[in-house]
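Reading through the structure tokens given below for one structure.
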Amino acid sequence: MRRVGRREGIVCGILGIWGRSEVAADLMLGLTTLQHRGQDAAGALTFDGAFHVKIGRGLVSRVFEDRHLERLRGTWGLGHVRYATMGSTDVEDAQPVHVNYPYGLAMVHNGNVVNFAELRERLYTEHHRLVDTSNDVALILYAFAAELERRDLRSLTVDDLFSCVDATQRAIHGAYAVICLIAGRGLLAFSDPHGIRPLALGVRETPAGPEYALASETTCLDYLGFRLEGDVSAGEAVFIDAGGAVHRHRGLRQKPAFCVFEYIYFAREDSVLRGRVVAAERERMGRALADAVRRAGLRPDVVIDVPASGFLFAASLAEALGVPFRRGLAKNHHIGRSFILPTDEERQRMVRLKLNPIRGILEGRRVAVVDDSIVRGTTSRRLVELLRSAGAKEVYVVSAAPPVVSPCVYGIDMSTTGEIIAANRTVDDVCRMIGADAVVYQELSILRALYGDLPCCDACFSGEYPTGVDRDALEGIRREKEDAGR
Ligand code: SF4
């Protein structure tokens, strides 16, 4: 079979609404609240007896105009925002995707299929279906459609539907949260057996009866006026049928392993993930950093954040240390992530375009600068230069996350092992490479203790992948990055 250029899975924002009146406006608004999860492309699909689709590159506000709202008719809909993985900005990879048979199926997903090539081959040999795309969600859609086709479509029951989900989960390895609109039948959502990616269910009372929404983050439900009903947990499937009845199915559940990086960086601070408010988690992590800073024998005069993701960590670290917290870096909020930055040089330049040091705060001081994490070290190196250029006497780089040592195979674009600065290096090596006076990381054992009662995936810090990942898969990621021109 011809080799399809494989683009890695991606962190995205997904939304599905089962409504009783037109949903297009809510889809648009909802997608803007998920915009932080993807700024490269946006798409929406609605159903009113036929599918209506609008997909485009860029921010939600750029993709959708008033005329699209009028065209996107229907009371059920799906929405998607896509993260700008470098080298992959084609609209062809954007979502929702749909097929006309069986029933008419449309799908959005967030995550990454690890066994893409194997599954694609199986779909061809066993189901005679050519998946001529590099898009993970198309593969999941075809795998699910192939299972549906085996059932009696004239008398499909909810149990049949859930058995199709079970079979799809058995076939797909990786991390995924999926919402599928089944034309005329209802809205189906399911998660991978470890529940690595977030997905929440909300309900909204209306005079005509309850309406339902499924979204990557609860902040989206809040804005749209949906009350949180709960997460779609590890392996779980939820189906809202055409009459509005909600069916839940335990599905293929393995040891839960929710992505801890959602708490550290990806999710919005006002979201509630697995019952925990993200802001509170960040504050706990920030306070926990104080011990590490003391153990390193550091006495900063001021703590500053790398805006905006370092803010809550920095503020709570400063409070725990009894040191002033100040804004030492001003941020230009009008430069988005939509810039495509394939080289290290360009990434460094971007730091300078985004951040400007505030001399009056920094001059003559020992500065602890707090970031959510250190991945390549590119940003940290440039930050240290910036802070020194503004007169900082000493610069301590503090990472709210432990050292990133392994790539994420579940959809977060964080480089290959060769690009990760802490892979196979000591903290002193990292400190030297970024030119800081000291580097302090969160300890993995402390992070694990913080979420001890909530089993999480921390593979990028520990190398322990919940689904098991062999060398071939990691090598595959490296090749895909190369193919993508990174
Ligand atoms: S490897 Fe890291 S980023 Fe990827 S899912 Fe696990 S915790 Fe999240």
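The values are calculated or read from the model by the stated rules, or taken from the named source; none is laboratory data. Keep in mind that what you see is a predicted model, and the values were worked out from it rather than measured. Note that each Cβ is placed from the backbone with ideal geometry, even for glycine, and that neighbours are counted across all protein chains shown.
Miscellaneous remarks
- Which numbered condition Asn424 misses (of (1) surrounded by fewer than 20 Cβ atoms within 10 Å (Cβ to Cβ); (2) within 16 Å of the ligand (Cβ to nearest atom)): (2)
- Test: Gly225 is assigned by TED's automatic domain parsing to the domain that holds Gly79, without any contact (Cβ under 8 Å) to a residue 24 or more places away in the chain and under 25 Å from the mean Cα position of the chain (by Cα): yes
- The residue pairs whose first member lies in segment 439-462 and is free of Cβ contacts under 8 Å to residues at least 60 places away in the same chain, whose second member is assigned to a helix (DSSP H, G or I) and polar (S, T, N, Q), and whose beta carbons are closer than 8 Å, counting only pairs six or more residues apart or on different chains, are Leu444/Ser462.
- Of all residues in segment 236-264, those being assigned to a loop (DSSP other than H, G, I, E, B) and away from the ligand (no atom under 16 Å from the Cβ) number 9.
- Residues being hydrophobic (A, V, I, L, M, F, W, C), under 24 Å from Glu419 (Cα atoms) and surrounded by fewer than 21 Cβ atoms within 10 Å (Cβ to Cβ) - total across segment 356-396: 1
- 2 or more residues among the basic types (Lys, Arg) and within 21 Å of Ser216 (Cα to Cα): qualifying helices (runs of 4 or more DSSP H) within segment 96-191: none
- Filtered residue count, segment 174-186, keeping only those that are more than 14 Å from the ligand (Cβ to nearest atom) and more than 17 Å from Leu34 (Cβ to Cβ): 7
- If you go through segment 281-309 and keep only what is closer than 30 Å to Val232 by Cα and either modelled with pLDDT under 95 or in the same structural domain as Leu228 (by TED's automatic domain parsing) (or both), you end up with Ala308, Ser309.
- Qualifying residue in segment 381-394 (condition: at pLDDT below 95 and either within 16 Å of the ligand (Cβ to nearest atom) or over 18 Å from Ile304 (Cβ atoms) (or both)): no
- The residues on offer are Glu126, Glu205, and the sole one that is at pLDDT below 95, surrounded by fewer than 23 Cβ atoms within 10 Å (Cβ to Cβ) and out of contact with any Asp or Glu (no Cβ under 7 Å at 6 or more places or on another chain) is Glu126.
- Output for segment 50-75, where each listed residue is of a type in the set (A, V, I, L, M, F, W, C), in a helix (DSSP H, G or I) and within 22 Å of Glu211 (Cα to Cα): Leu69
- Number of positions in segment 192-218 that are within 30 Å of Glu464 (Cα to Cα) and outside any loop (DSSP other than H, G, I, E, B): 5
- Condition met for Ala267 (assigned by TED's automatic domain parsing to the domain that holds His109 and within 16 Å of the ligand (Cβ to nearest atom)): no
- One residue stands out among those in segment 397-420 that are over 22 Å from the mean Cα position of the chain (by Cα) and not in a helix (DSSP H, G or I): the one that is surrounded by the most Cβ atoms within 10 Å (Cβ to Cβ), which is Val398.
- Identity of the residue in segment 281-327, within 25 Å of the chain's Cα centre (by Cα) and outside any helix (DSSP H, G or I), that ends up surrounded by the most Cβ atoms within 10 Å (Cβ to Cβ): Asp305
- Residue check, Asn115 in contact (Cβ under 8 Å) with a residue 12 or more places away in the chain, surrounded by fewer than 20 Cβ atoms within 10 Å (Cβ to Cβ) and of a type in the set (S, T, N, Q): yes
- Leading residue by the ranking (modelled with the lowest pLDDT) among those in segment 51-104 that are touching a Ser or Thr at 6+ places or on another chain (Cβ under 8 Å) and among the polar types (S, T, N, Q): Ser61
- Some residue of segment 385-394 being in a loop (DSSP other than H, G, I, E, B), farther than 29 Å from Ala279 by Cα and in contact with an Asp or Glu (Cβ under 6 Å, 6 or more places away or on another chain): yes
- In segment 427-442, the residues that are within 15 Å of Gly377 (Cβ to Cβ) and within 16 Å of the ligand (Cβ to nearest atom): Tyr441
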